[in-house]
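I have placed the structure first, in the form of C-alpha cells, so that the comments after it can refer back to it.
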Amino acid sequence: MDEENRDVMLHFRVSQAELDRIRRKMEEQGIHSMSAYLRKMALDGYCVQLDYQYPKQITTLLRRCSNNLNQYAKRANEQGSIYAADIQDLQERLEEIWKQQKESLQILSTIL
C-alpha cells in the first residue's frame, strides 16, 4: 500500500517502559520505522524475522556441487571417464546439502 493512501492518523499513549519495550522489539526484528512496526503488529499481530543462515549455506553447497558436476561432465566428455574419488566427493557434498536442508526445514517448521 502506498504511503499517500494512508490518510487516517491513529494516536495512542504508552508509558516509557512500554516505549522502551517496543523499541527493543523493533531492534530485534531489524525494523527501523516505528510506523511500519506498529502497523504490522496492529494488522497481523506479529512480525517474523527469518534467519537466512541455513539457506545461504545450502546455496553455497549447491554452487560447489554444480561446479564440480560441470567439471566432472567436462572431464568425462574429454577423457571418456571420471574417477571414483570424484563421484565419492560429489556424494559427500550432496549428503551435506540434504543434512542442511533438513535442519532448515526443522527450524522453519517451528516458525510457521
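The values are calculated or read from the model by the stated rules, or taken from the named source; none is laboratory data. Given the structure is predicted, the values throughout are model-derived calculations rather than measurements. So basically every Cβ, Gly included, is an ideal-geometry build from the backbone, and we count neighbours across all protein chains shown. Heads up: the accessible areas ignore ligands, DNA and RNA and are worked out on the full protein's heavy atoms, side chains in. Shrake-Rupley method; radii C 1.70, N 1.55, O 1.52, S 1.80 Å.
Can you spot the lysines whose alpha carbon is less than 21 Å from LYS74's alpha carbon? Ignore those fewer than 8 places along the same chain.
Cα-Cα hits under 21 Å: none found.
Decide, for the chain, between rounded, prolate and oblate: order the square roots of the alpha carbon gyration tensor eigenvalues as a ≥ b ≥ c, take rounded if a/c falls under 1.5, and otherwise choose prolate if a/b is larger than b/c, else oblate.
prolate
With contacts defined as alpha carbon pairs under 8 Å and 6 or more residues apart, what's the relative contact order of the chain in percent? Intermediate results must be reported in sequence, preceding the final value.
Numbers: 37 pairs, mean separation 24.5, N = 112.
Result for the chain is 22 percent.
What do you reckon, how do TYR54, TYR37 stack up by accessible area (1.4 Å probe), largest on top?
Numbers: TYR54 55, TYR37 15 Å².
The ordering from most to least exposed comes out as TYR54, TYR37.
At 1.4 Å probe size, put VAL14, VAL8 in order of accessible surface, largest to smallest. Each step should come with its number before you reach the end.
Numbers: VAL14 65, VAL8 115 Å².
Highest to lowest solvent-accessible surface, that is VAL8, VAL14.
Hey, if we sort LEU38, LEU10, LEU105 by accessible area with the 1.4 Å probe, largest down, what's the order? Intermediate values should be presented prior to the final figure.
Working: LEU38 55, LEU10 155, LEU105 100 Å².
My answer, sorted largest first, is LEU10, LEU105, LEU38.
Over the alpha-carbon set of segment 6-69, divide Rg by the Kirkwood Rh and report the Rg/Rh ratio to two decimals. Mind showing how you got there, number by number?
Numbers: Rg = 18.9 Å, Rh = 14.9 Å.
Using Cα coordinates only, the ratio equals 1.27.
Counting other Cβ atoms within 10 Å, keep those with at most 15, restrict to DSSP loop, and tell me which chymotrypsin sites (Phe, Trp or Tyr not before Pro) in segment 54-112 are left. Show your work: numbers first, answer last.
Values: sites: TYR72, TYR83, TRP98; in loops: TYR83.
Loop-located and lightly packed - TYR83.
Could you name the lysines in cross-link range of LYS40, using Cα to Cα under 20 Å and dropping any fewer than eight places away on the same chain?
List returned: LYS25.
Taking the Cα centre of the chain as origin, sum charge times position over the Cβ atoms of Lys and Arg (+1) and Asp and Glu (-1), and report the length of that vector in debye to the nearest 20.
Working: 16 positive and 17 negative charges, 24 e Å.
That gives a dipole near 120 debye.
Calculated from DSSP H runs of 4 or more alone, at -39500 (n - 2.57) each and per residue, what is the 222 nm mean residue ellipticity of the chain, nearest 500?
Details: 4 runs with 80 residues, N = 112.
Helices in the chain give a 222 nm mean residue ellipticity of -24500 deg cm²/dmol.
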